[in-house]
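K.L.:
Here it is: the structure, laid out below.
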Amino acid sequence: MLAESNSLLSVPTGTLKISEFPHTNGGENCESIYFSLVVPTYKERDNIENVVRILSQLLDELMPGDYELIVVDDDSPDGTWEIAQSLMPEYPQMRVMRRQHERGLSSAVIRGWQAARGQILGVIDGDLQHPPEVLMQLLRSIKEGADLAVASRHIEGGGVSSWSFTRRLLSRGAQLLGLIILPRVLGRVSDPMSGYFMVRRSCIVGLTLYPVGYKILLEVIGRGNVDQIAEVGYVFCERKEGESKVSWKQYVEYIYHLLRLRLATTRWGRFSQTIDFPISRFIRFGLVGLSGVFVDMAVLYLLSDPTTLALPLTRSKIVAGEIAIFNNFLWNDAWTFADVAMRQQEWRQRLKRFLKFNMICLAGLVLNLLVLNLVFNFIIANPYIANLIAIAFATIWNFWVNLKLSWQVTQVK
Ligand code: GDD
Ligand code: MN
């Protein structure tokens, strides 16, 4: 027997891609097992021990040694991860991941799956609101051939214990909205908001998931190759310890998630995947560029117009251009390349990215002038058409270089 160690799992980095084999630290045993169950936690110190004990008892009986529990904690200030870690000697099938540089429920689940060794990947809340017994029925459905087994509040045997009218209304409203925006995804299950489900690794292998907020099941159905879906009714229990982390922010994120998934699963989205060009990112980049034109114009007017500050034109234009570049940078960082920026949030890194963006834009400006002159002098003697072509070139250049440099700064350690 190997000595039981209680070292933490290393946190996978990079894109949220599920590979055929688990991410490992090197020395670790990575033989495949049957089932990996991720338990995402944030401030669950009063629940963690119960959850781990109940789940372990259940799974030890069902499949001794052939499962693992993966607790993924986002560095909870109440020390949930530490408690989980201290339980490791007692529960050898449990592994613990402490994330310090990323947060959010969905990405926690995927990071857990990336470290998982199971052929079946599952998730369950860490607050006992998801009844553990239902695991047996979910596992049975998978054994019987389902690709995805979802615990549902909205079929026979399901329900919510004592939700207020408002919460029920909000939940159903969100579902209805989802059905309108993404019928082909939400129409497939009765409870698309469920955070209690399991899926075959083979259905999501090789895929990069882009979840926002809470609803990871939408990603799995929307992007995965899921054929057969089974549902098992369950009653969403009341919380006994701790509190829910749901706020209005999750509703906003949910709508954003729906729209993005919609874009990715339309013909355009699929086309952009086959030709390997990020169309939606390019559209965002283009829109941001357009906003920059307005900023540039407005500032130029404010600075140079005889009725306002009446400063010299060239100086005004330099300031206007720089402010527009700053504007574009902010939007691109927060929107176009948000997924990348999320991983490099330090102020130093942001500043470096901004300087880099500035250089690229400057080179873009030179290209702009060059193309404008070439086209105007040799091809089309119309300055506006020539300028349009020049702008198109510069935009593509700017986008392409930023994309190739991955909107990242290299970190020297
Ligand atoms: N690692 C990590 N990071 N875990 C988190 C985070 C986070 O940022 N936010 C929440 N969690 C964990 C919680 O500790 C809990 O174990 C689980 O995720 C669910 O969070 P709650 O805050 O308890 O959510 P809820 O009970 O209101 O919401 C649940 O709604 C659905 C039904 O509408 C969802 O989480 C679903 O799982 C559930 O089925
Ligand atoms: Mn909960």
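No value in this document is a laboratory result; all are computed from the given coordinates. This one's a predicted model, so the numbers in the text were calculated from it and none came from an experiment. So basically every Cβ, Gly included, is an ideal-geometry build from the backbone, and we count neighbours across all protein chains shown.
K.L.:
So how much slack lies between GLN408 and GLN57, counting 0.36 nm per residue of separation and subtracting their Cα-Cα distance, in nm?
P.N.:
Once the chain is fully extended between GLN408 and GLN57, it gains 121.9 nm.
K.L.:
For the chain: lysine pairs with Cα atoms under 19 Å, gap of 8 or more or different chains, count?
P.N.:
Close lysine pairs found across the chain: 9.
K.L.:
How far apart, in nm, are two points set 7 Å out from the Cα along the Cα-to-Cβ line at SER7 and at VAL252?
P.N.:
4.1 nm
K.L.:
Over the alpha-carbon set of region 282-405, divide Rg by the Kirkwood Rh and report the Rg/Rh ratio to two decimals.
P.N.:
Checking Rg against Rh, the ratio lands at 1.01.
K.L.:
May I pose another question? In cubic angstrom, how much convex hull volume per residue do the alpha carbon atoms of region 26-122 span?
P.N.:
95 Å³
K.L.:
May I ask for the equivalent-ellipsoid semi-axes of the chain, computed as the square root of five times each C-alpha gyration tensor eigenvalue and listed largest first in whole Å?
P.N.:
Listed largest to smallest, the semi-axes of the chain are 48, 23, 21 Å.
K.L.:
Would you pull out the residues with amide H under 5 Å of VAL409's amide H, same chain only if 5 or more places away, H placed 1.01 Å from N?
P.N.:
Answer set, sorted by chain and number: none.
K.L.:
With 10 angstrom as the radius, rank HIS257, HIS101, HIS154, HIS130 by how many other C-beta atoms surround their C-beta, starting from the fewest.
P.N.:
By the 10 Å Cβ count, ascending: HIS101, HIS154, HIS130, HIS257.
K.L.:
Right, next: Report the local net charge at GLU241: Lys and Arg +1, Asp and Glu -1, summed over other residues whose C-beta lies under 13 Å from its C-beta.
P.N.:
It works out to a net charge of -4.
K.L.:
Bins of 10 Å, beginning at zero and ending with the bin holding the largest distance: percent of Cα pairs per bin for region 151-202, please.
P.N.:
22, 50, 25, 3
K.L.:
Separate question: Just add up the charged neighbours of LEU258: K/R +1, D/E -1, any other residue whose Cβ is under 14 Å from the Cβ of LEU258.
P.N.:
Residues near LEU258 contribute +3 overall.
K.L.:
Exposure proxy check: LEU55, LEU365 ranked by fewest other beta carbons within 10 Å?
P.N.:
Lowest count first: LEU365, LEU55.
K.L.:
Could you tell me the relative contact order of the chain? Use alpha-carbon pairs under 8 Å, at least six residues apart, and round to a whole percent.
P.N.:
15 percent
K.L.:
Sticking with this structure for a sec: Set Lys and Arg Cβ to +1 and Asp and Glu Cβ to -1, take the dipole of region 79-193 about its Cα centre, and tell me which of SER190, ALA149, VAL96 lies farthest positive.
P.N.:
The one lying farthest along the dipole's positive direction is SER190.
K.L.:
Okay, moving on. Computed from the mean reciprocal separation of all distinct C-alpha pairs, what Kirkwood hydrodynamic radius does region 94-146 have, in Å?
P.N.:
Kirkwood hydrodynamic radius for region 94-146: 12.9 Å.
K.L.:
Can you sort TRP113, TRP163 so the residue with the fewest Cβ neighbours within 10 Å comes first?
P.N.:
TRP163, TRP113
K.L.:
According to the Cα gyration tensor, what semi-axes, each the square root of 5 times an eigenvalue, does the equivalent ellipsoid of region 222-364 have, listed from largest to smallest in whole Å?
P.N.:
Calculated on Cα positions only, the semi-axes equal 42, 21, 15 Å.
K.L.:
Let me ask something else about it. From the convex hull of the Cα coordinates of region 33-274, what is the mean projected area in square nanometres?
P.N.:
So the Cα hull casts an average projection of 12.7 nm².
K.L.:
Sticking with this one: As a check on your grasp of the helix formula, calculate [θ] at 222 nm for the chain: sum -39500 (n - 2.57) over DSSP H runs of n ≥ 4, divide by the residue count, round to the nearest 500.
P.N.:
-16000 deg cm²/dmol
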